[in-house]
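Asks: The following block contains the structure, expressed as structure tokens.
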Amino acid sequence: MLVLVAPGQGAQTPGFLTPWLDLPGAAERLAAWSDAIGLDLAHYGTQADADAIRDTAVAQPLLVAAGLLSAAALGDVTPGAVAGHSVGEITAAAFAGVLDDTAALTLVRRRGLAMAEAAAVTQTGMSALLGGDPDTTVAHLEKLGLTPANVNGAGQIVAAGTLEQLAALEADKPEGVRRVVALKVAGAFHTHHMAPAVDALAKAAEELTPADPRVTYVSNRDGQAVASGAEVVSRLVGQVANPVRWDLCMETFRELGATALIEVCPGGTLTGLAKRALPGVPTLALKTPDDLDAARELIAEHGAA
């Protein structure tokens, strides 16, 4: 059973879309999406520097567009389940047929703008903690006033809060944590700092006409499969201010009987987590079109086409 997953913010790197635009129809598709949302995705995906694509309002639509382009390059594939980390949930909603591509990109453009506006109110950020006991780590974060914004499993929790709180964390790591790594994001996503973005996204969601998922859609709120398109959209709205439970998503993949996992462009983060949390399950990250042949072989063995 094949699982198709989409990464979240921070996975983008300068120029990462360049090789994908050489594929037939990719440049035209990206240009149409750019016109629809008023953002030059080709420029940001091929020419912009790291600071430019770190901007939340740019990074989020860029990531969804990359995921959709790379998935389309796989051909007509029907995975057994789909899921996305943070903004990747919108990509996954398109994979599942809940939203069409243009609706997904329109929603994520509104999401990125709203979250960037919320992040500008207070200087905030996020840091990944590697190693340690989850319960001990969460208790320590709460003592410092930080939120465990991403509980990723495989020994990784991401803390979010003000820059002062994150500096205190650097100086006072939880017991057993090996490293604290600052993430390339522009705010404390999935925390109360993003509450203003929830209202803006709720208004944007009123314009959508979601369909029910065609395949199993696993929500990162609690790792549960969601069968209603309206419920998927409701969760997309609320999740901007609530923690991501990727650990529970991976538990659900295991319970569903996952036998392979493919992460769409810019892949790497979620396959790394899966290698540790889902031993024995083959994984593949779509980083460039050079990975497509290996992905198709995995699909032929584990997925329905």
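Asks: What pairs come up if the first residue lies in the stretch 217-238 and is part of a helix (DSSP H, G or I), the second is polar (S, T, N, Q), and their beta carbons are under 6 Å apart, counting only those six or more places apart or on different chains?
Replies: Partner pairs satisfying both residue conditions: R235/S219.
Asks: Return yes when R111 is open to solvent by less than 40 Å² (accessible area, probe 1.4 Å), of a type in the set (K, R) and touching a residue at least 24 places away in the same chain (Cβ under 8 Å) and no when it is not.
Replies: Criteria met by R111.
Asks: Of all residues being touching a residue at least 60 places away in the same chain (Cβ under 8 Å) and assigned to a helix (DSSP H, G or I) in the stretch 33-55, which is surrounded by the most Cβ atoms within 10 Å (Cβ to Cβ)? Just the residue, please.
Replies: Per the stated criteria, the residue is W33.
Asks: Which ones in the stretch 200-225 are in contact with an Asp or Glu (Cβ under 7 Å, 6 or more places away or on another chain) and surrounded by fewer than 14 Cβ atoms within 10 Å (Cβ to Cβ)?
Replies: Once the filter is applied, which keeps residues that are in contact with an Asp or Glu (Cβ under 7 Å, 6 or more places away or on another chain) and surrounded by fewer than 14 Cβ atoms within 10 Å (Cβ to Cβ), the stretch 200-225 yields nothing.
Asks: What is the number of the single condition among (1) more than 24 Å from M115 (Cβ to Cβ); (2) not in a loop (DSSP other than H, G, I, E, B) that V58 does not meet?
Replies: All conditions pass for V58, except number (1).
Asks: If you don't mind, another one. Does the stretch 251-266 hold any residues that are more than 22 Å from R109 (Cβ to Cβ) and either open to solvent by less than 40 Å² (accessible area, probe 1.4 Å) or in a helix (DSSP H, G or I) (or both), and which are they?
Replies: Hits for the stretch 251-266 are E251, T252, F253, R254, E255, L256, G257, A258, A260, L261, I262, E263.
Asks: Could you count how many residues in the stretch 285-305 are touching an Asp or Glu at 6+ places or on another chain (Cβ under 9 Å) and under 16 Å from G80 (Cα atoms)?
Replies: Count: 1.
Asks: Ok, one more. Suppose we keep only residues that are part of a strand (DSSP E or B) and surrounded by fewer than 16 Cβ atoms within 10 Å (Cβ to Cβ) within the stretch 156-194. Which one would you say is farthest from the chain's Cα centre (by Cα)?
Replies: R178
Asks: Determine which single condition A197 fails, assuming it passes every other condition in (1) farther than 18 Å from T106 by Cβ; (2) within 21 Å of the chain's Cα centre (by Cα); (3) surrounded by 15 or more Cβ atoms within 10 Å (Cβ to Cβ).
Replies: (1)
Asks: Considering only the stretch 229-250, I want to know if a residue exists there that is of a type in the set (S, T, Y), within 26 Å of A188 (Cβ to Cβ) and open to solvent by less than 20 Å² (accessible area, probe 1.4 Å).
Replies: No: zero hits.
Asks: Which members of the stretch 274-287 meet the condition of being assigned to a helix (DSSP H, G or I) and either surrounded by 23 or more Cβ atoms within 10 Å (Cβ to Cβ) or among the polar types (S, T, N, Q) (or both)?
Replies: A274
Asks: When the residues of the stretch 72-108 are narrowed to those that are of a type outside the set (A, V, I, L, M, F, W, C) and assigned to a strand (DSSP E or B), which ends up surrounded by the fewest Cβ atoms within 10 Å (Cβ to Cβ)?
Replies: The qualifying residue surrounded by the fewest Cβ atoms within 10 Å (Cβ to Cβ) is T78.
The values are calculated or read from the model by the stated rules, or taken from the named source; none is laboratory data. Model, not experiment: these values are computed from the prediction. Glycine also receives a Cβ, built like all others from the backbone with ideal geometry; neighbour counts cover every protein chain displayed. Just the protein is used for accessible areas: all its heavy atoms, side chains included, with ligands, DNA and RNA removed. Shrake-Rupley method; radii C 1.70, N 1.55, O 1.52, S 1.80 Å.
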